[in-house]
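Q: Once you've had a glance at the structure underneath, I'll fire off some questions.
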Amino acid sequence: MARVRTGVRATGAVLAAVLAASLAGCSSTGGKRAEERAAQQAAEGRAAVNTPRWTFAMVTHSGDGDTFWDIVQKGAEQAAVKDNINFLYSHDAEGQQQAELVQTAIDKKVDGLIVSLAKPDSMKAVVAKAVKAGIPVITVNSGSAESKAFGALTHIGQDESIAGEAVGDELDERGRKKALCVLHEQGNVGHEQRCAGAKKTFGGTMQNLYVDGTNMPDVQASIEAKLDSDRSIDAVVTLGAPFAAAAVKAKQTAGSKAEIDTFDLNASVATGLQDESLGFAVDQQPYLQGYQAVDLLWLYRYNRNVLGGGLPVLTGPQVITRDDADALAEYTNRGTR
Amino acid sequence: MTAAGQPAAPHTDERLLRTSPLRKLLGRPELGSVVGAVAVLLFFAIVADSFLQASSLGTVLYAASTIGIMAAPVALLMIGGEFDLSAGVMVTSSALISSMFSYQMTANVWVGVFVSLLVTLGFGAFNGFMLTRTKLPSFIITLGTFLMLTGLNLGFTKLISGTVSTKAIGNMEGFESARKVFASHLTLGDVELKVTILWWAALVAIATWILIRTRFGNWIFAVGGEADAARAVGVPVIRTRIGLYLGVAFAAWVSGQHLLFSYDVVQSGEGVGNELIYIIAAVIGGCLITGGYGSAIGSAVGAVIFGMTSKGIVYAEWNPDWFKFFLGAMLLLATLLNAWVRKRAEATK
Amino acid sequence: MTAIQAPAPRDAAGPALVELDGVSKYYGNIKALEDVSLEVHAGEISCVLGDNGAGKSTLIKIIAGLHRHDAGTFLIEGEETTLANPRDALDRGIATVYQDLAVVPLMPVWRNFFLGSEPTKGSGPFKRLDVRRMRGTTRAELLRMGIDLRDVDQPIGTLSGGERQCVAIARAVYFGAKVLVLDEPTAALGVKQSGVVLKYVAAARDAGLGVVLITHNPHHAYLVGDRFVLLKRGAMAGSHTKDGVTLDELTRQMAGGSELDQLSHELERAPSPGRPGDRPAGGDTP
């Protein structure tokens, strides 16, 4: 009997612990971020509006622990504070799971929905359901081509093809002849468009290399193997900031002279630009994407405003070189660029 | 005959303790996990608003059904003493084959569906044959199949379709009728019930029937409990094991067709990791990892618990960064509760 | 309960149920069995005796259909055969009760009883187990053998070792075995339990079966056996009928016979100085 009692006690203790943890989770983000945001709020004032506390849900195709989407979230949360919004974020890299998350948002009857359409076919049906249920939808980051057809108000992001073309042009300006485009996410339409765009405008030859973005050591090893086997590659273009770091390490171990360039910024990319281990970066301003998505939804709910005139609202491409890097260092360190 | 004549055994044997029917009920492998399911339901009903509303029921049941369809045959396999780590990606393979075959051959979509059934069953048979021929642990064999299928999914799709995802076949003949069978839904008021729920119920019913009312089911228990003993009394161990892997493959085919006809375009990289979720659902439902004990109904309850937990966390608006932590914690709790209930039920005092 | 009395061995009026004639089995270059002969008649118990490593389990496996012999002849009812698998042996009427009992501990008694030979009703996709018949028959057959089980639904692993042996024997008898092969049935049992099992073995014999009893206990063998074959390191060390051997002789032969005499001579205590019991004057006792 004593053994059963300790079993009950143990279960009770665990239940209590989970409950406590869940209550902590319930109160949006805890810990350091709340502290920082509190500081921000104090500096920038509390909610600037007196509209009711609407609920907006953002459902993205992000994997776990993706720094890019962290920045998008920060922007969205800043706008949410300003506009008195209850901001909910969820993500899954698998199309079906992402669709299920959108369905739960519809079930919760949220007041606004923000989605990323990296795999448009998986999301088509469920976005239509949201639109039919009267929930305004804004798409962000991926899927500018499908956004309007799916019934979204507008798309905020960068046109991936145009961004790719900008990369191709920049590579030409720097006199590169043979480039490698590293795609880290299978099935991402936007990634394919970037590499295709770069190939289009690039004067030299460009190859695609597919790696598993969820396994960083594997990414590094794959790039290294490629640089080892083909010594004539003089530029490597990665499609995400963390992958630039892996590419730099791969370059060192392979003893290659290739220039590493990347899409998207983060603190280490900024440092890399400053110390010239990276050539250039193409930023799509994720903070702006998140911020605008929430803010524009608020404007729609408040005033039926729609930005873009039927066309996507572009946040990039912005080509960042060594000179710009100094100015941005402070912001990348803060985690908002 | 030397045995002394025995009087007819008394109707209630005085050596048997009177156990309440409720306790006997709680001792069954699956009904202990029902207690866990009720606990999870109550928990999220309190903690999450919109969890109990009608539309959420459809969402949770759908999430449970996509896991449950696979968890039923996986549970049978586990009772038979084996694992299948390739189950997750086999679903994707099945969807890819249907789509690519139909498109490349410009055939009626049903032809592709049928070919996919044959090939997927072939994968299952491969698992079974490798296991019985090499006598290596099923963990290793199916791990190999898992890696091979993952690579085949990507490589084959890129080779034939040119990209990592298949071409849309929504406008091909047979698509609409196939969609009705594999990916349609019924809307009752606020509740949207997807057809996978029907498939799930049917598969669980058939699996339960096989397990407890057929010879094959007796063999499954025996092979999982003590394969040498089974072999010694003439149970066809090899046939039983291969049959179990074919069962998993069949369910993978059903799930794959659902995936294809829901979204038309199939991503070749998906499915990795799901095999563990099926195993979790079976174990929560009372299947012993070592084999010889468990039930298909239990796997259904396990799938429901998983569906409720994964969606309930989102309804409850918990911090999404902690999603996986909460999911794991709740599943552990549900399993502990199940085990505790069963122990209490079996205790005599 | 009739006293256990071995009937006088009959002259083989017809062929033996099972006969092994000069059978050998090799694993690679290891001689597991060499030139072993054995006869089993209906209504008689043939005992195979030998210590560990003598080749008893190999012999059993050949009779049970798990292995094939490499030399010699294996006759079933006068016909020379080679068994393909255990299923084949069962179909021919040879039922084997293994040392580890070939039961599945987690399964209920009634499922175990019919394992491999489940009765069904219905046909086609509706073919299902005849559960009522399985439960009822299990209970009845066990009762007939003298076991009154509390609950045929209990996992067989909860039964005692002796009870499990009896269930296994009852199973073999029920399924119309003509020859019952028992692999060390009393090896792991205490005195009382062994007695119970031997009673059931005798009951099976009286029911007309031929029994092969493998054991390393000459006392148990002598209690019920009609014929005795001794194995030592894969070869036959002796073959007797009940008339032609005494228990002491059997025990001696089993224990090693002349080798044991020599050993006991070597182990005899050397004569010590002084009376026994006195402490030796200094130094250790050899």
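The values are calculated or read from the model by the stated rules, or taken from the named source; none is laboratory data. In this text, all values refer to a predicted model and were calculated from it rather than measured experimentally. Using ideal geometry, Cβ is built from the backbone for each residue, glycine included, and neighbour counts are taken over all protein chains shown.
Q: If only one of A:Ile114, A:Ile135 is buried (at least 24 other Cβ atoms within 10 Å of the Cβ), more than 9 Å from every other protein chain (Cβ to nearest Cβ) and not aromatic (Phe, Trp, Tyr), which one is it?
A: Just a single option satisfies the conditions, and that option is A:Ile114.
Q: Only one residue in C:Leu143, C:Leu198, C:Leu182 is crowded, with 24+ Cβ neighbours inside 10 Å, within 14 Å of chain B (Cβ to nearest Cβ) and not β-branched (Val, Ile, Thr), so which one is that?
A: After ruling out the rest, the residue left standing is C:Leu182.
Q: If you don't mind, another one. Among the candidates C:Ala221, C:Ala187, single out the residue that is more than 10 Å from every other protein chain (Cβ to nearest Cβ), hydrophobic (A, V, I, L, M, F, W, C) and part of a loop (DSSP other than H, G, I, E, B).
A: Residue meeting the stated conditions: C:Ala187.
Q: Another one. Do we find that B:Gly225 is more than 17 Å from the chain's Cα centre (by Cα), within 12 Å of another protein chain (Cβ to nearest Cβ) and surrounded by fewer than 23 Cβ atoms within 10 Å (Cβ to Cβ) in this structure?
A: The answer is no for B:Gly225.
Q: Give the number of residues within the range B:186-200 that are surrounded by 15 or more Cβ atoms within 10 Å (Cβ to Cβ), outside any strand (DSSP E or B) and among the aliphatic types (A, V, I, L, M).
A: The total comes to 2.
Q: Then there's this: Please specify each residue of the range A:88-111 satisfying the condition of being more than 29 Å from B:Gly273 (Cα to Cα) and buried (at least 22 other Cβ atoms within 10 Å of the Cβ).
A: Correct list: A:Val110 only.
Q: Tally the residues that are more than 9 Å from chain B (Cβ to nearest Cβ), among the aromatic types (Phe, Trp, Tyr) and within 15 Å of the chain's Cα centre (by Cα), restricting the search to the range A:56-98.
A: Result for the range A:56-98: 2.
Q: For the range B:291-313, does any single residue satisfy the condition of being under 26 Å from B:Gly144 (Cα atoms) and within 12 Å of another protein chain (Cβ to nearest Cβ)?
A: For the range B:291-313, residues under 26 Å from B:Gly144 (Cα atoms) and within 12 Å of another protein chain (Cβ to nearest Cβ): present.
Q: State all residues of the range A:67-105 that are assigned to a loop (DSSP other than H, G, I, E, B), in contact (Cβ under 8 Å) with a residue 12 or more places away in the chain and not aliphatic (A, V, I, L, M); if no residue qualifies, say none.
A: Result: A:Asp83, A:Asn84, A:Asp92.
Q: So, B:Leu260, is that one buried (at least 24 other Cβ atoms within 10 Å of the Cβ), in a helix (DSSP H, G or I) and within 11 Å of another protein chain (Cβ to nearest Cβ) or not?
A: Against the criterion (buried (at least 24 other Cβ atoms within 10 Å of the Cβ), in a helix (DSSP H, G or I) and within 11 Å of another protein chain (Cβ to nearest Cβ)), B:Leu260 qualifies.
Q: Here are the criteria: (1) in a helix (DSSP H, G or I); (2) within 14 Å of chain B (Cβ to nearest Cβ); (3) in contact with a Leu (Cβ under 7 Å, 6 or more places away or on another chain); (4) not β-branched (Val, Ile, Thr). Tell me which single one A:Asn208 does not satisfy.
A: With (1) in a helix (DSSP H, G or I); (2) within 14 Å of chain B (Cβ to nearest Cβ); (3) in contact with a Leu (Cβ under 7 Å, 6 or more places away or on another chain); (4) not β-branched (Val, Ile, Thr) applied to A:Asn208, the lone miss is (1).
Q: Only one of these is at pLDDT 95 or above, in a helix (DSSP H, G or I) and touching a helix residue (DSSP H, G or I) at 6+ places or on another chain (Cβ under 6 Å): B:Thr132, B:Thr120, B:Thr150. Name it.
A: From the options B:Thr132, B:Thr120, B:Thr150, the qualifying one is B:Thr120.
Q: Counting just the residues of the range B:152-167 that are surrounded by 15 or more Cβ atoms within 10 Å (Cβ to Cβ) and among the small types (Gly, Ala, Ser), which one comes out farthest from B:Val272 (Cα to Cα)?
A: This residue is B:Ser161.
Q: A:Lys124 versus (1) closer than 30 Å to B:Asp190 by Cα; (2) buried (at least 24 other Cβ atoms within 10 Å of the Cβ): which is the lone unmet condition?
A: Against the list (1) closer than 30 Å to B:Asp190 by Cα; (2) buried (at least 24 other Cβ atoms within 10 Å of the Cβ), A:Lys124 comes up short only on (2).
Q: Hey, another quick one. Looking at (1) within 13 Å of chain B (Cβ to nearest Cβ); (2) over 21 Å from C:Glu184 (Cα atoms); (3) polar (S, T, N, Q), find the lone condition where C:Thr82 falls short.
A: Single failed check for C:Thr82: (1).
Q: Can you name the residue in the range A:128-158 that is out of contact with any strand residue (DSSP E or B) (no Cβ under 8 Å at 6 or more places or on another chain) and basic (Lys, Arg) and is also nearest to A:Gln103 (Cα to Cα) among such residues?
A: A:Lys129
Q: Search the range C:129-148 for residues that are farther than 19 Å from C:Gly176 by Cβ and pair each with any residue that is part of a helix (DSSP H, G or I) when their beta-carbon atoms are under 6 Å apart and the residues are at least 6 apart or on different chains.
A: Here the result reads C:Leu129/B:Arg213; C:Arg135/C:Trp110; C:Ile147/C:Cys166, each pair linking the range C:129-148 to a residue that is part of a helix (DSSP H, G or I).
Q: Okay, moving on. Restricting to the range A:135-163, name every residue that is at pLDDT 95 or above and farther than 19 Å from A:Gly309 by Cα.
A: A:Ile135
Q: Here is a further query. Do we find a residue being touching a Phe, Trp or Tyr at 6+ places or on another chain (Cβ under 7 Å) and either surrounded by fewer than 21 Cβ atoms within 10 Å (Cβ to Cβ) or on the phi < 0 side of the Ramachandran plot (or both) anywhere in the range A:143-151?
A: Within the range A:143-151 (the criterion being touching a Phe, Trp or Tyr at 6+ places or on another chain (Cβ under 7 Å) and either surrounded by fewer than 21 Cβ atoms within 10 Å (Cβ to Cβ) or on the phi < 0 side of the Ramachandran plot (or both)), the answer is no, since none of the residues qualifies.
Q: Within the range C:224-234, does at least one residue satisfy the condition of being without any contact (Cβ under 8 Å) to a residue 60 or more places away in the chain and either in contact with a helix residue (DSSP H, G or I) (Cβ under 6 Å, 6 or more places away or on another chain) or within 21 Å of C:Arg144 (Cβ to Cβ) (or both)?
A: no
Q: Answer yes or no as to whether A:Val294 is surrounded by 22 or more Cβ atoms within 10 Å (Cβ to Cβ), in contact (Cβ under 8 Å) with a residue 24 or more places away in the chain and part of a helix (DSSP H, G or I).
A: Judged against the criteria, A:Val294 is a match.
Q: Test B:Ile313 against the criterion of being under 15 Å from the mean Cα position of the chain (by Cα) and either in a loop (DSSP other than H, G, I, E, B) or not basic (Lys, Arg) (or both), and give yes or no.
A: no
Q: Any residue that is within 30 Å of C:Arg133 (Cα to Cα) and basic (Lys, Arg) - is there at least one of those in the range C:188-198?
A: No: zero hits.
Q: Which condition from (1) at pLDDT 95 or above; (2) part of a loop (DSSP other than H, G, I, E, B) is the one that A:Lys109 breaks?
A: (1)
Q: May I ask you to say which residue of C:Ala64, C:Ala54 is within 21 Å of the chain's Cα centre (by Cα), within 11 Å of another protein chain (Cβ to nearest Cβ), crowded, with 19+ Cβ neighbours inside 10 Å and under 21 Å from C:Thr186 (Cα atoms)?
A: From the options C:Ala64, C:Ala54, the qualifying one is C:Ala64.
Q: Here is a further query. Scan the range B:250-274 residue by residue and report those that are more than 10 Å from B:Val91 (Cβ to Cβ) and under 13 Å from the mean Cα position of the chain (by Cα).
A: Hit for the range B:250-274 is B:Phe250, nothing else.
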